[in-house]
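Chemist: Below is the structure I would like to discuss, written out as structure tokens.
The values are calculated or read from the model by the stated rules, or taken from the named source; none is laboratory data. Owing to the predicted nature of the structure, the values given are computational and were not obtained by experimental measurement. Cβ: placed from backbone, ideal geometry, glycine included. Neighbour counts: every protein chain shown.
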Amino acid sequence: MQISNDQLERILTAVQKPGRYVGGEWNSIRKDWRTAQVTLALAYPDVYEIGMSNLGLAILYDLVNRREDMLAERVYAPWHDMEAAMRRAALPLYSLETRHALADFDVIGLTLQHELTYTNVLNMLDLAGLPLLAEQRTADMPLVIAGGSCTYNPEPVAAFFDLFVLGEGEEALIELLEAVAAWKQSPQANDRPGLLRRLAAIPGIYVPSLYRVAYHADGTIRRIEPLCAEAPEQVRKRIVSALPPALTRPIVPSMGIIHDRAAVEIQRGCSRGCRFCQAGMIYRPIRERGAAEVLDAVDQIVANTGYDEVGLVSLSSSDHSQIAQIVQGIMERHREDGLAVSLPSLRIDSFSVELARLIQQQRKTGFTFAPEAGSQRLRDVINKGVTEADLLQTAEAAFGNGWDRIKLYFMLGLPTETDEDIHEMARLIRELHGLGRRLRNRRVEIGVSVATFVPKPHTPFQWLPLAERATVEARQRLLVSETRLAKVRVSWSDWDSTWLEALLSRGDRRLSAVVLRAWELGARFDAWSECYDPALWRRALDECGLDEAFYNARPRAQDEILPWERLDVGVSRAFLWREYQRALSGELSPDCRSECHGCGILAAFGVEAAERLPEAWGCP
Amino acid sequence: MAAGRQAVQRLRVGYRIGDPLQYVSVLDMGRLWERLLRRAGLPLAYTQGFHPHPRMQFAAPLPVGYWGEAETLDIYLREPVDGDEALRTLAGQCPQGLSIESVQAVPLDAPNLQAQMREAEYRVLVWSAAAPQEMQAALEALLARDELPRSRSRKGRVQAYDLRPLIHELTYIGGQPAADGLWEHTLHIRARSSSQGSGRPEEMLEELGVALDHFRIYRTRLIWE
């Protein structure tokens, strides 16, 4: 079923930002459904402006559409007004390219980047007219699959998905689509369980219904048992050993989006080993794109899109071994057209100030640093590897180069934290403030953003409870009371969002019932503070007979079976535990480009790397 | 940077906006054109300043939801380019819903188009349960009024204005039966469109006092001095 222009026009006159729902953007691709062997709807469970800013989906869109026998189209979560209009007009959720109903696709692929988008997933499936529970969907309905960082523990949404693709999707998604296309042509086309077993045999694919979870009386997991031969004991994430060619023909949106610029991925993975950081663990190993390739990609993407800004994407821009060469190269080649360069995630050192100066970045928005913790002791616990001297020197260099504003990112509620660490954080802020005023003038502004730490799966802190609300809020107040200075502004994350993120990031599959109930009660767009109602979630937990404290307030034993036990990111549990112990004793583990800490990634993928591109990794 | 390299040519681009770009806001349309011009690789003249933009000037911003059949934009180049060649280059870079109709050189020192704008004409399609006679009567009643006091909120301030003198022509062209028991009516409107104020067709429709299902507005002509 295709939605007609007339049907759409009648409802779009009454919704905000109708451009979100119409497609047709430059570089978007409309293919012929008659020649496609398999059709994929790529979905982001939030509004267009957020979904369109996701580089991962854009890469997969390009890759799938390059295949003659496949097609991919996009869909995003409709905002409340559009949802209401669609329901009134009985219009199903449709793809932007050819406006096919979502139920017409063979596969719906969602990316799960943030736990607070889960109710939007349910809402999208409901708007598509599909049963929400995977077990209720039949062979004539699309497979509903997901990838993205949340799928490293997808258990809280396991009931809604047929399968998850673990790790990098460039190869795995194509293999999956090929298998689906072949299955459609086969005599078993109507055997959905058979298809799931077939797909479970593809490396990196986790079919949750093929595993049974048994619990102890105290609610902890007793065992997670594969139910058939095709379901592997361990599902290991997929990686590509070398970065595939950069995306150079991305869709150029016709309306403003969050990251409204060209993006070139310069590096995947990070070698710093910060212990709180899930991205640093799950995206290993580190792989760089060479300077020449980056420069060519920038030229092409600018020619193909007309963007006046390019973002160099990585987890730690200043760690790229050729970053200076890349930045200088771009400045030289694009002197005429005034291309701006943005570099997210700069390290705390003078070199980063030099880079920022080179690209004239952030002079308006401020120079950004992320010390993460206030005291040296606590920075050592989290393995931030930054000293106070580094911080002061970097700040001095930033002020010295004309910046009047700096932004500081900290976390609160970190393991082993005491009030003393907050005093130190306040002292550091005061010191930077004084330094700024000495070197610049009274205009100096300091923005301090304090997030509450959420222990994440597959990190050395995965065994730890979330800090208690009373403690976190007392320390927020303490920090504010000790940093009452002119032009110092402190902001912090709201406990109710932290709590839900923690619950959904480390929960088990019993939470699927809670997510479902919260959606039934009306939860949508939980990541939007104006939409989020924590009371709905507390009620859903109560009605499902589950206890928040069990998930958030409880330390896990070393040998406890964690909900993500069968999901293997290539970093060993033994390494994570070792890092946790080193954290407790305040021992640093230096950047793993300088020394190998045996995290397990080489053992997991080293053979593959050696066969294909031995020099491409940062591992020593 | 092209700073100091002054514009040597001004090209007037005529274009149409249709589905799905009628849903794009004025601000987004500016950005869309900037990117289109950069992709086209024409020798654009840039504004001065920290963040330079290609120099361009829209005759009249097209409100969200309007289709445009006679849109006009001036662009500035730092090297002369043949009009036909520019047309071909631009036409190759248009997203769905945008088409280039004409490109003509105009004198560099010609007055600012936006300042010269006086009126615009519209073709409005209206879907309503009202039959043609009822619609026609409503139009006549509207035109018979001496004033149409309304208010608009602009930047948080509510401003009172009279819509009636902004309407220069409002005529019923015809009606035909459409789906769902509705009639599809066609209206012609000529209204003031200038920096001193514009009469907007949807405001006139509101004043008709007739229940509408939905409507579509085409801006068909821009009239400047």
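Chemist: Can you work out which of the residues in the stretch B:43-78 that are over 17 Å from the mean Cα position of the chain (by Cα), under 12 Å from B:A7 (Cβ atoms) and free of Cβ contacts under 8 Å to residues at least 40 places away in the same chain is surrounded by the fewest Cβ atoms within 10 Å (Cβ to Cβ)?
Modeler: Among those that are over 17 Å from the mean Cα position of the chain (by Cα), under 12 Å from B:A7 (Cβ atoms) and free of Cβ contacts under 8 Å to residues at least 40 places away in the same chain, it is B:T47.
Chemist: Looking at the stretch A:464-474, is at least one residue over 21 Å from A:Q376 (Cβ atoms), modelled with pLDDT under 95, touching a strand residue (DSSP E or B) at 6+ places or on another chain (Cβ under 7 Å) and buried (at least 18 other Cβ atoms within 10 Å of the Cβ)?
Modeler: no
Chemist: Restricting the stretch A:14-58 to residues that are touching a Leu at 6+ places or on another chain (Cβ under 8 Å) and on the phi > 0 side of the Ramachandran plot, which is nearest to the other protein chains (Cβ to nearest Cβ)?
Modeler: Restricting to residues being touching a Leu at 6+ places or on another chain (Cβ under 8 Å) and on the phi > 0 side of the Ramachandran plot, the top hit is A:G24.
Chemist: In the stretch B:11-34, how many are away from every other protein chain (no Cβ under 11 Å) and either part of a helix (DSSP H, G or I) or free of Cβ contacts under 8 Å to residues at least 12 places away in the same chain (or both)?
Modeler: Residues flagged as away from every other protein chain (no Cβ under 11 Å) and either part of a helix (DSSP H, G or I) or free of Cβ contacts under 8 Å to residues at least 12 places away in the same chain (or both) within the stretch B:11-34 amount to 1.
Chemist: Report, ordered by the first and then the second residue, all pairs with beta carbons closer than 8 Å, sequence separation of six or more or different chains, a first member in the stretch B:125-141 that is within 12 Å of B:H214 (Cβ to Cβ), and a second member that is part of a helix (DSSP H, G or I) and of a type in the set (D, E).
Modeler: Pairs that qualify, where the first residue is within 12 Å of B:H214 (Cβ to Cβ) and the partner is part of a helix (DSSP H, G or I) and of a type in the set (D, E): there are none.
Chemist: Please go through the stretch A:133-169 and pick out each residue that is over 20 Å from the mean Cα position of the chain (by Cα) and either under 27 Å from A:D62 (Cα atoms) or of a type in the set (V, I, T) (or both). Give the steps one after another, and end with the answer.
Modeler: Here is the first cut: in the stretch A:133-169, the residues over 20 Å from the mean Cα position of the chain (by Cα) are A:133-143, A:159, A:162.
Within the stretch A:133-169, A:T138, A:D140, A:M141, A:P142, A:L143, A:D162 qualify.
Chemist: Do we find that A:A583 is at negative phi, free of Cβ contacts under 8 Å to residues at least 40 places away in the same chain and aliphatic (A, V, I, L, M) in this structure? Show your work before the answer.
Modeler: Details: at negative phi: yes; free of Cβ contacts under 8 Å to residues at least 40 places away in the same chain: no; aliphatic (A, V, I, L, M): yes.
Against the criterion (at negative phi, free of Cβ contacts under 8 Å to residues at least 40 places away in the same chain and aliphatic (A, V, I, L, M)), A:A583 does not qualify.
Chemist: Residues of the stretch A:59-71 being in contact with a Ser or Thr (Cβ under 8 Å, 6 or more places away or on another chain) and either crowded, with 20+ Cβ neighbours inside 10 Å or within 14 Å of chain B (Cβ to nearest Cβ) (or both), which ones? Give the steps one after another, and end with the answer.
Modeler: Looking only at the stretch A:59-71, we keep the residues that are in contact with a Ser or Thr (Cβ under 8 Å, 6 or more places away or on another chain), and these are A:68-71.
A:M70, A:L71, listed by residue number.
Chemist: Then there's this: Can you spot a residue in the stretch A:72-80 that is part of a helix (DSSP H, G or I) and under 30 Å from B:L205 (Cβ atoms)? First the steps, then the outcome.
Modeler: Here is the first cut: in the stretch A:72-80, the residues part of a helix (DSSP H, G or I) are A:80.
Then drop every residue that is not under 30 Å from B:L205 (Cβ atoms), which leaves A:80.
Yes: one or more hits.
Chemist: So which helices (runs of 4 or more DSSP H) stay within the stretch A:305-394 end to end and still have 1 or more residues that are within 20 Å of A:R427 (Cβ to Cβ)?
Modeler: Numbers: elements: A:323-333, A:350-358, A:376-381.
Where helices (runs of 4 or more DSSP H) fall fully within the stretch A:305-394 and carry at least 1 residues being within 20 Å of A:R427 (Cβ to Cβ), they are A:376-381.
Chemist: Is it the case that A:A58 is in the same structural domain as A:N153 (by TED's automatic domain parsing) and part of a helix (DSSP H, G or I)? Give the steps one after another, and end with the answer.
Modeler: On the way: in the same structural domain as A:N153 (by TED's automatic domain parsing): yes; part of a helix (DSSP H, G or I): yes.
Considered against the rule, which asks whether it is in the same structural domain as A:N153 (by TED's automatic domain parsing) and part of a helix (DSSP H, G or I), A:A58 comes out as yes.
Chemist: Hey, another quick one. Across the stretch B:83-122, what is the total count of residues that are crowded, with 17+ Cβ neighbours inside 10 Å, modelled with pLDDT under 95 and of a type in the set (D, E, K, R)?
Modeler: Adding up the residues that qualify gives 0.
Chemist: Take A:I323 and decide whether it is within 12 Å of chain B (Cβ to nearest Cβ) and crowded, with 19+ Cβ neighbours inside 10 Å.
Modeler: On the way: within 12 Å of chain B (Cβ to nearest Cβ): no; crowded, with 19+ Cβ neighbours inside 10 Å: yes.
For A:I323, the condition - within 12 Å of chain B (Cβ to nearest Cβ) and crowded, with 19+ Cβ neighbours inside 10 Å - is not met.
Chemist: Follow-up question, since we're still on this one. I'd like to know if the stretch A:74-81 contains one or more residues that are aromatic (F, W, Y) and either within 11 Å of chain B (Cβ to nearest Cβ) or over 22 Å from the mean Cα position of the chain (by Cα) (or both). Steps first, answer last, please.
Modeler: Initial filter on the stretch A:74-81 (aromatic (F, W, Y)): A:76, A:79.
Checking the rest, the ones that are also either within 11 Å of chain B (Cβ to nearest Cβ) or over 22 Å from the mean Cα position of the chain (by Cα) (or both) come to none.
No, the stretch A:74-81 has no match at all.
Chemist: Looking only at the stretch A:84-97, decide whether some residue is buried (at least 18 other Cβ atoms within 10 Å of the Cβ), out of contact with any Pro (no Cβ under 9 Å at 6 or more places or on another chain), within 14 Å of chain B (Cβ to nearest Cβ) and small (G, A, S).
Modeler: Yes - at least one qualifying residue is present in the stretch A:84-97.
Chemist: Check the stretch A:250-266 and report whether any residue there is away from chain B (no Cβ under 14 Å) and in a helix (DSSP H, G or I).
Modeler: Checked the stretch A:250-266: no residue is away from chain B (no Cβ under 14 Å) and in a helix (DSSP H, G or I).
Chemist: Are any residues in the stretch B:39-60 within 9 Å of another protein chain (Cβ to nearest Cβ) and modelled with pLDDT of 95 or more, and if so, which ones?
Modeler: B:R39, B:A40
Chemist: Checking the structure you have, find out if any residue of the stretch A:201-212 is in the same structural domain as A:G169 (by TED's automatic domain parsing), farther than 30 Å from A:R74 by Cα and in contact (Cβ under 8 Å) with a residue 40 or more places away in the chain. Spell out the reasoning first.
Modeler: Taking the stretch A:201-212 as the starting set, the residues that turn out to be in the same structural domain as A:G169 (by TED's automatic domain parsing) are A:201-212.
Filter again for farther than 30 Å from A:R74 by Cα, leaving A:211-212.
Among the residues that remain, those that are also in contact (Cβ under 8 Å) with a residue 40 or more places away in the chain are: A:211.
Within the stretch A:201-212, one or more residues are in the same structural domain as A:G169 (by TED's automatic domain parsing), farther than 30 Å from A:R74 by Cα and in contact (Cβ under 8 Å) with a residue 40 or more places away in the chain.
Chemist: Can you pull out the residues in the stretch B:157-180 that are within 14 Å of chain A (Cβ to nearest Cβ) and in a helix (DSSP H, G or I)? Walk me through it before giving the result.
Modeler: Filtering the stretch B:157-180 for residues within 14 Å of chain A (Cβ to nearest Cβ) gives B:178-180.
Residues satisfying the conditions are B:A179, B:D180.
Chemist: Ok, one more. Can you give me the number of residues within the stretch A:82-116 that are assigned to a helix (DSSP H, G or I) and of a type in the set (V, I, T)? Steps first, answer last, please.
Modeler: As a first pass, look at the stretch A:82-116 and keep what is assigned to a helix (DSSP H, G or I): A:82-89, A:102-104, A:115-116.
Of the ones still in play, those that are also of a type in the set (V, I, T) are none.
Matching residues across the stretch A:82-116 total 0.
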